[in-house]
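First up is the structure itself, then whatever we jot down about it.
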Amino acid sequence: MENQVKECHPTMLEEVLDGLRKPQKKLPSKYFYDERGSQLFEQITRLDEYYPTRTEVAIMRENMPEIIRQIGRDVVLVELGSGSSEKTKLLLDHLPHVTAYIPVEISEKFLSSVVEHLRKKYPDLSINPVYTDYTRPFQVPDIEQPYDHFVVFYPGSTIGNFHPRQARQFLATISTMLEPGGGMLIGVDLKKDNEVLERAYNDKQGLTARFNKNILRHINRELDADFSLDKFRHCATYNEGKGRIEMHLVSKTDQEVTVAGEQFHFIRDESIHTENSYKYALKEFEELVSDWFTVENVWTDQHNYFSLQYLQN
Ligand code: AVJ
């Protein structure tokens, strides 16, 4: 995955300033995930309203033998955005032999504590963490032991955070990283009733609101900015035409914010677009991946809320 040099890629500061200078202000959703944001997301996954995690885990449990057979043995398992690695533990508990596990995660502090825990739980497994933003080119560490093929595990429908155009680009990059025989086990959230969707991003407890606002806290700390979290409110709606949940932070008043010495003006009710979460029909997703992958297997739940798919390179 070193087909581009790192220097070509913008820094967090450049990405943030760039987004805030746009007529529709926006921020990259990956900056939700500092240590606190990763913890908040973990709490979201346990909410009643947030169906994706629970549903994906149920799909995994119900289809484990078939999933394991599909993945094969002696694999190098690469997980993108590994977070707490909860779903991976399910796989690791059932896979006959895994050559290595490579968790890739943007939040260093979060990943290092997870790896410490995994090394205790799986003392014989070779774990090679990569602390990076996986949306940028990165190098997979050399694997010393013999292995059969690579499998990229990309659960949670995180692919939904990409615009479909970027998702295609991303799949192309992954596909070049996978040698023949490689595959991808990916979670994809499906189109469904608007109410179910909107409830999942507007929980009663207000955890999603705190998660959304945490991006401002992260930017304040990392980039010397002075966002006041109380002056923004959380907003999440399903845009049916575009097939995506949109999260915004809406300015409660006219205000000025300074980021690394640059001033940004907000009028009342003006928003920062912080996240897209695309939802796909099975056919749409198959079409999206078709230039690089064949859909070998699709597992879903009884309501067709969520899907887990095995894509063959
Ligand atoms: C981690 C991208 C799967 O889009 O549902 C949860 C992030 N945002 N609540 C999603 C999220 C608001 C989540 N993903």
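Can you say whether ASN194 is surrounded by fewer than 17 Cβ atoms within 10 Å (Cβ to Cβ), in contact with a strand residue (DSSP E or B) (Cβ under 6 Å, 6 or more places away or on another chain) and closer than 23 Å to GLY241 by Cα, as far as the supplied structure shows?
So ASN194 fits the description; yes.
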The residue that is farthest from the ligand (Cβ to nearest atom), considering only those in segment 42-51 that are assigned to a helix (DSSP H, G or I), in contact (Cβ under 8 Å) with a residue 60 or more places away in the chain and of a type outside the set (Ser, Thr, Tyr), is GLN43
Being of a type in the set (Lys, Arg) and modelled with pLDDT under 95 narrows ARG119, ARG136 down to just ARG136
Assess whether VAL76 counts as being at pLDDT 95 or above and either among the β-branched types (Val, Ile, Thr) or over 25 Å from THR208 (Cα atoms) (or both). yes
Picked from segment 99-112 (must be farther than 20 Å from TYR31 by Cβ and surrounded by fewer than 22 Cβ atoms within 10 Å (Cβ to Cβ)), the residue farthest from the ligand (Cβ to nearest atom) is THR99
For ASN304, the lone unmet condition from (1) at negative phi; (2) at pLDDT 95 or above is (1)
Taking segment 199-212 and keeping residues part of a helix (DSSP H, G or I) and not β-branched (Val, Ile, Thr) leaves ARG199, ALA200, LEU207, ALA209, ARG210, PHE211, ASN212
Checked against (1) closer than 26 Å to ARG217 by Cβ; (2) within 16 Å of the ligand (Cβ to nearest atom), ARG54 satisfies every condition except (1)
Across segment 55-67, the tally of residues that are touching a Leu at 6+ places or on another chain (Cβ under 9 Å), surrounded by 15 or more Cβ atoms within 10 Å (Cβ to Cβ) and not in a loop (DSSP other than H, G, I, E, B) stands at 6
Within segment 152-198, of all residues that are in a loop (DSSP other than H, G, I, E, B) and touching a Lys or Arg at 6+ places or on another chain (Cβ under 6 Å), the one nearest to the ligand (Cβ to nearest atom) is PRO155
request  = Take LEU207 and decide whether it is touching a strand residue (DSSP E or B) at 6+ places or on another chain (Cβ under 9 Å) and either surrounded by 22 or more Cβ atoms within 10 Å (Cβ to Cβ) or not basic (Lys, Arg) (or both).
outcome  = no
Across segment 23-41, the tally of residues that are within 12 Å of the ligand (Cβ to nearest atom), part of a helix (DSSP H, G or I) and under 10 Å from PHE211 (Cα atoms) stands at 5
Note: among PHE232, PHE227, PHE211, just one is within 12 Å of the ligand (Cβ to nearest atom), more than 24 Å from ILE59 (Cα to Cα) and among the hydrophobic types (A, V, I, L, M, F, W, C), namely PHE211
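The values are calculated or read from the model by the stated rules, or taken from the named source; none is laboratory data. It should be emphasised that the depicted structure is a prediction, and the values quoted were computed from it without experimental measurement. Positions of Cβ are generated from backbone atoms using ideal geometry, with glycine treated the same way; all protein chains shown enter the neighbour counts.
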